[in-house]
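FYI, it's all coordinate maths here, none of it is from the lab. Since the model is a prediction, treat every value here as computed from it, not as a measurement. FYI the Cβ positions are ideal-geometry reconstructions off the backbone, even for glycines, and counts take in every protein chain you see.
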Amino acid sequence: MEEVISKSQLRHTMRSLFYNEYGTEELTKKSARICLNILKQKSYASASTVLFYMPLADEVDITPIILHSAKNNKTILIPKTIPHEKTIRPCVIYNFDRDVKKGYAGILEPIHDIVFNPSQIDLIIVPGRAFDHTCCRLGRGEGYYDRFFLTAPFSYKMGVAFDFQIVPRMEQSAHDVSVDCVVTDTIILMRQ
């Protein structure tokens, strides 16, 4: 039987990997490969409305996918963090360069509060600290996306991660929501 890795241990390990093992240039190349793999996914190609995240330094840079979506007339949604509710609100942006600014915790957020109905989102692209082979997601520990996922039960949930963020099996809590697939620079995992 595979060892189940605790959430706290896994967060510590991933933080260490990012800051000690991988350079910016290597992560940029891996991000580009992940973006190419996202473009190949049927769930992306068929989606007309996509909720993206705004990448932090230790997350996959999906900016090229956001720009591709704009060129292909997809409705682009960016999360606005609601700290007192520990959740996010999907807001429409029309111009990536003009419609975002630094918000909560220094994360880029939409400048307008044009909230989109979560139940009408086709695809949610979400980061994670780690994912396991069953598509269980480990976030930053506050449950923002887990809470939000409950408002978008029919949306396809795509996790994105670097290949070193995939582990065989991790600890799961009752409130954790798995994603439908995980796209990395080398593999695609599908929830069974």
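Computed values, structure above
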read-out	value
Cut-off under 5 Å, modelled amide H: who pairs with ILE82 long-range	THR87, ILE88, ARG89
Among GLY141, GLY159, GLY128, residue whose mean-square fluctuation peaks in a GNM of the chain (springs only between Cα atoms under 10 Å)	GLY141
Rh (Kirkwood; distinct C-alpha pairs) - the chain, Å	16.8 Å
Two-site label geometry, GLU142 and ILE107: point separation in nm, points 7 Å out along Cα→Cβ	0.6 nm
Length-normalised contact order of the chain in % [C-alpha pairs under 8 Å, at least 6 apart]	23 percent
Euclidean distance between Cα centres, region 132-192 to region 82-100, Å	21 Å
Residue-count net charge about ALA130 - beta-carbon cut-off 10 Å; Lys, Arg +1, Asp, Glu -1	+3
The chain - mean residue ellipticity at 222 nm from DSSP helices (-39,500 (n - 2.57) per run, n ≥ 4, rounded to 500)	-7500 deg cm²/dmol
